[in-house]
Amino acid sequence: MAALGLYQMHLRASWLGQFSRLIVGFMLGSAALAVLYYAIPAAYIGRGILGISLLLGAFLIALWRIIFLGFLDTDALKRRVIIFGAGERAAQIARKMRRKTDQRGFKVLGYVPVGQDPVNVPESLLIHPDQPICDWIAELDVDEIVVGPDERRDTLPVDALMQCKVRGVEVTEISEFFEREAGSIKLELNNLSWLVFSGGFNISPLRNVIKRAFDIVVASLVLLVAWPFMLVTALAIRLESGRGAPILYRQERVGANGKPFMLIKFRSMRTDAEINGVAQWATTNDSRVTRTGQLIRKTRLDELPQLWNVLRGNMSIIGPRPERPQFVKDFNISIPYYPLRHSVKPGLTGWAQLRYPYGASMEDAQEKLKFDLFYVKNHSLIFDIAILIQTVEVVLFGRGAR
């Protein structure tokens, strides 16, 4: 269920979509049990009991999720939040986090205009305190104050905010609020000094050793399971393209610290896909993709040879996706902080792949960078394991493939 996204706070699937994920989860669980019973026959409980247990379990879990999620969405369980600011920075919350699933953990009570900032928030969302701030905050039973004016100099009631904080009200800067609630770093809200002095970016020798061990173990296990699929994929490419056509495709990509390396994939496009030597984005229904390529791209089988890149140390299992040097050169010039994503090794899968669809433009690269920087800032072994588990959903549902 975790692998199918059912424990994601911001899951936007309908009830039918959630139920279908639940059924697929039980099917995968049944397959795992079959392997377990084969390996440990003494654990087998009988087909009748197993079938009844699975049916009853699926029904009760579906019922429980309906009740629990309905209860979870009630305002009584959400943090009550006031936004100090009503300008462009504060309006980001109103625009980017307006869906019900985006506000599952909090409820915005309103926006308080600060100083001379232009008001970019709808009038219906504005609040004008008519008493001392701490008394007003207590009367509204506010749990958190998010500070996000466009101009902070000599405009914030710092003393009043400090009084609220010592009374137990959490005071949060808007950048930290977005990072926590959206799982991304809003580049337009931040400056370099915030990134320098904020927490995270823990790239220590111990962390590197743990991450390398994780990469080797996972890559070896995946190869052990996936080699038959890789063999069939190679055979299908050979049958479609004929003798002499390459099965593998090598392409230069940018790795950790900006160093280039040769990435290996199963060839999914025609051999003349870039005959002019100019890098091109893949598009929806790209005519350069072969029939076999369409299937292996959809199922992500074309990515499996990159396990060799992982074992060699060019890539990690989890990390930002490696881009081509031509694109990186443009992104470094046009997108602020883009080189920071190369602080870690690129990965087979990553946080941006889970949270954002396939990117094929400068704008997409900028949006994906927000999630990549969140990963670079907060990566850990537990986070890597969580991303790896949730990647199953991406593969099964073919999200982001072209």
Compute the angle between helix 205-241 and the longest alpha-carbon principal axis of the chain, please, reported from 0 to 90 degrees and rounded to the nearest 10. 50
Which of [x] 16; [y] 43; [z] 27 is the computed percent of Cα pairs over 41 Å apart for the structure on display? [z]
Between Ala94 and Phe229, what FRET efficiency comes out of the Förster formula 1/(1 + (r/R0)^6) with R0 = 41 Å and r the beta carbon distance, rounded to 0.05? 0.30
Neighbour-count ranking for Ile145, Ile93, Ile67 (other C-beta within 10 angstrom, fewest to most) reads Ile67, Ile145, Ile93
Helix-only mean residue ellipticity at 222 nm for the chain, each DSSP H run of n ≥ 4 adding -39500 (n - 2.57), per residue, nearest 500: -15500 deg cm²/dmol
What FRET efficiency would be calculated for the residue pair Asp364, Ile45, taking the C-beta separation as r and a Förster radius of 30 Å, to the nearest 0.05? 0.05
As an exercise, identify the trypsin sites (Lys or Arg not before Pro) in segment 63-138 lying in DSSP coil whose Cβ has no more than 15 other Cβ atoms within 10 Å. Arg98, Arg99, Lys100
Unit charges on C-beta of K, R, D, E only; dipole of the chain, Debye: 2060
Give the residue list of GluC sites (Glu not before Pro) in segment 89-198 that are DSSP loop and have at most 14 other beta-carbon atoms within 10 angstrom. Glu151
Charge tally for neighbours of Pro122 with beta carbon under 13 Å away, counting Lys, Arg as +1 and Asp, Glu as -1, is +1
Contour minus Cα-Cα distance for Ala213 and Ile67 (0.36 nm per residue): 48.4 nm
Excluding same-chain residues fewer than 8 positions from Lys259, which aspartates and glutamates have a Cα within less than 15 Å of its Cα? Glu323
If each of Arg243 and Asp330 carries a label point 7 Å out from its Cα toward its Cβ, how far apart are those two points in nm? 4.1
Could you please state, rounded to a whole Å, how far the C-alpha centre of segment 317-347 is from the C-alpha centre of segment 205-242? 23
With 31 Å as the limit, write out which pairs from Lys211/Lys370; Lys96/Lys211; Lys165/Lys368; Lys211/Lys329; Lys165/Lys211; Lys78/Lys345 have Cα-Cα distances beyond it, or answer none. Lys96/Lys211; Lys165/Lys368; Lys165/Lys211; Lys78/Lys345
State the extension gain, in nm to one decimal, for the chain segment bounded by Met262 and Lys298, taking 0.36 nm per residue of separation less the distance between their alpha-carbons. 10.7 nm
For Leu156 and Ser14, calculate 0.36 nm times their separation in residues minus their Cα-Cα distance, and state this gained length in nm to one decimal. 47.0 nm
In segment 125-156, which residues have a backbone nitrogen under 13 Å from the label point lying 7 Å from Lys165's Cα in the Cα-to-Cβ direction? 145-147
Of Trp136, Ile210, Gly183, whose Cα points farthest to the positive end of the dipole of the chain (charges on the beta-carbon: +1 Lys, Arg; -1 Asp, Glu; origin at the Cα centre)? Ile210
Pairwise label distance in nanometres, Ser220 with Lys107, each label 7 Å out on the Cα-Cβ vector: 5.3
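Here, each number is a calculation from the coordinates, and none is a lab measurement. Quick caveat, the model's predicted, so the values are computed rather than measured. Note that we place each Cβ from the backbone using ideal geometry, even for glycine, and neighbour counts take in every protein chain shown.
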